[in-house]
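Structure first, commentary second.
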Amino acid sequence: MTAEDPAFRQTLSRLPAALKDAGFRGGIERDSALRAAMSTDNSVYRILPDLILAPMDAADVVTAMSVLETPPFDAIPLTARGGGTGTNGQSLNRGVILDMRRHMHRLIAVDPEGQWADVEPGIVLDDLNAQLRPHGVFFAPETSTSTRCVVGGMVSTDASGKGSRIYGKTSDNLLGVEIARGQGLLDSLAPAPDWAQPMLAAAETAARAGRDAFMLAVFAAMAALGGIAALGLDEVQSGP
Ligand SMILES: Cc1cc2nc3c(=O)[nH]c(=O)nc-3n(C[C@H](O)[C@H](O)[C@H](O)COP(=O)(O)OP(=O)(O)OC[C@H]3O[C@@H](n4cnc5c(N)ncnc54)[C@H](O)[C@@H]3O)c2cc1C
């Protein structure tokens, strides 16, 4: 189906009602100003999306996924967006944009002694570190775009920056993630539920075929980093 295809347009027009019927609580918007804002990032590209969804929390992402994984809605492209600072147009697409930053920006838990934190994927890096500062810890990968980029986008791009040679890049400081699928949340720190077994078996088969295939399988499974990212933290060193 293409964006001009009448069947595609009809499917899109039925999506908001299907989402509400399924219990989706977040924003469902298609006004032209918001779509225009979501049509660009820090790349040279511009792609106008058809619909913006702003989930309230992880459960809301699962609800959205459950609808968007079901025919005919599974034909609609679905793309997560964080701070929109990517330089390659990664957060741009037609179809549905999941705006992870608007509501899902909470610091859920922090353990300064254990040096870990749980965050929602839409938290802006500088906001996270401002909340961590009183605890004497920080999340290390310091991108130049720290006032805008969010943890979900950093995980997806494996962001790095100033200090990464000492503290590592994002993947070096990531303890675990929750991945949203229509059936529920897949927690990388917990045993996989029954519904995830076929997906993980497919990923393992791909892994045996080579690393690139494995990465493709993982990214296919990672439709949206919809739950919590567990982050490793570093202690703030006192100044000279
Ligand atoms: C001036 C400038 C300086 C920069 N400096 C650096 C730097 O120092 N270091 C560096 O590493 N990068 C840098 N970048 C690139 C960019 O800031 C990083 O890639 C950043 O991590 C992107 O985060 P974001 O939240 O803006 O993600 P977005 O641009 O919104 O999205 C990036 C990708 O992440 C995906 N994504 C976002 N949220 C989720 C989610 N919840 N679940 C699944 N996928 C998700 C999107 O679909 C997209 O594919 C720079 C860019 C600019 C323009």
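Read-outs: derived from the displayed coordinates by stated rules, not from any lab. Please read all numbers here as calculations on a predicted model, not as lab measurements. A quick note on method: Cβ atoms are made from the backbone with ideal geometry, for glycine too, and the neighbour counts reach across all protein chains shown.
Compactness of region 1-136 is given as radius of gyration and Dmax, 16.8, 57 Å, from Cα positions.
Rounded if a/c is under 1.5, else prolate if a/b is larger than b/c, else oblate: which is region 160-199, with a ≥ b ≥ c the root eigenvalues of its Cα gyration tensor? Before the final figure, lay out each step's value.
On the way: a/c = 4.38, a/b = 3.27, b/c = 1.34.
Cα axes put region 160-199 in the prolate bin.
The ranking of Ile52, Ile97 by Cβ neighbour count inside 10 Å, starting from the fewest, reads Ile52, Ile97. With neighbour counts taken as other beta-carbon atoms within 10 Å, the residues Phe139, Phe73 rank, fewest first, as Phe73, Phe139. Between the amide H of Gly26 and those of Met56, distances stay under 5 Å, these residues lying 5 or more places away or on another chain, with hydrogens modeled in the peptide plane. In order along region 101-118, the Karplus-derived 3J(HN,Hα) couplings, from 6.51 cos²θ - 1.76 cosθ + 1.60 at θ = phi - 60°, round to 8, 4, 10, 9, 10, 9, 8, 7, 7, 9, 10, x, 5, x, 6, 9, 9, 9 Hz, and Gly and Pro are given as x.
Its relative contact order, with pairs defined as Cα atoms under 8 Å and 6+ residues apart, puts the chain at 19 percent. Legend: ranking of residues Glu142, Glu4 from fewest to most surrounding C-beta atoms inside 10 Å; resulting order Glu4, Glu142. Backbone phi angles across region 173-183, fed through the Karplus curve with coefficients 6.51, -1.76 and 1.60 (θ = phi - 60°), yield HN-Hα couplings of 10, 9, 8, x, 9, 10, 10, 8, 10, x, 7 Hz in residue order; Gly and Pro are listed as x. Panel values: the chain, Kirkwood radius from alpha carbon pairs, Stokes-Einstein at 4 °C and 1.567 mPa s, translational diffusion coefficient 69 µm²/s. Using r as the Cβ-Cβ distance of Thr205 and Arg102, and R0 as 45 Å, what FRET efficiency do you calculate, to the nearest 0.05? Efficiency at R0 = 45 Å is approximately 0.75. Here's the picture: charge each Lys and Arg Cβ at +1 and each Asp and Glu Cβ at -1 in the chain, and of Thr205, Thr87, Ser188 the one pushed furthest to the positive end of that dipole is Thr87. Residue-wise HN-Hα couplings along region 130-140, as the Karplus relation 6.51 cos²θ - 1.76 cosθ + 1.60 with θ = phi - 60° gives them from phi, are 5, 6, 7, 3, x, 8, x, 10, 8, 8, 6 Hz; Gly and Pro carry x.
Suppose we keep just the DSSP beta bridges with both residues in the chain; what percent of those would be antiparallel, to 5?
75
When only the Cβ of Lys, Arg, Asp and Glu is charged (+1, +1, -1, -1), the dipole of region 33-142 relative to its Cα centre reaches about 480 debye. Between the amide H of Trp116 and those of Asp111, Leu233, distances stay under 5 Å, these residues lying 5 or more places away or on another chain, with hydrogens modeled in the peptide plane.
Suppose only helical runs count, i.e. DSSP H with n ≥ 4. What mean residue ellipticity at 222 nm does that imply for the chain under -39500 (n - 2.57) per run, divided by all residues and rounded to the nearest 500 deg cm²/dmol?
Computed mean residue ellipticity for the chain: -9500 deg cm²/dmol.
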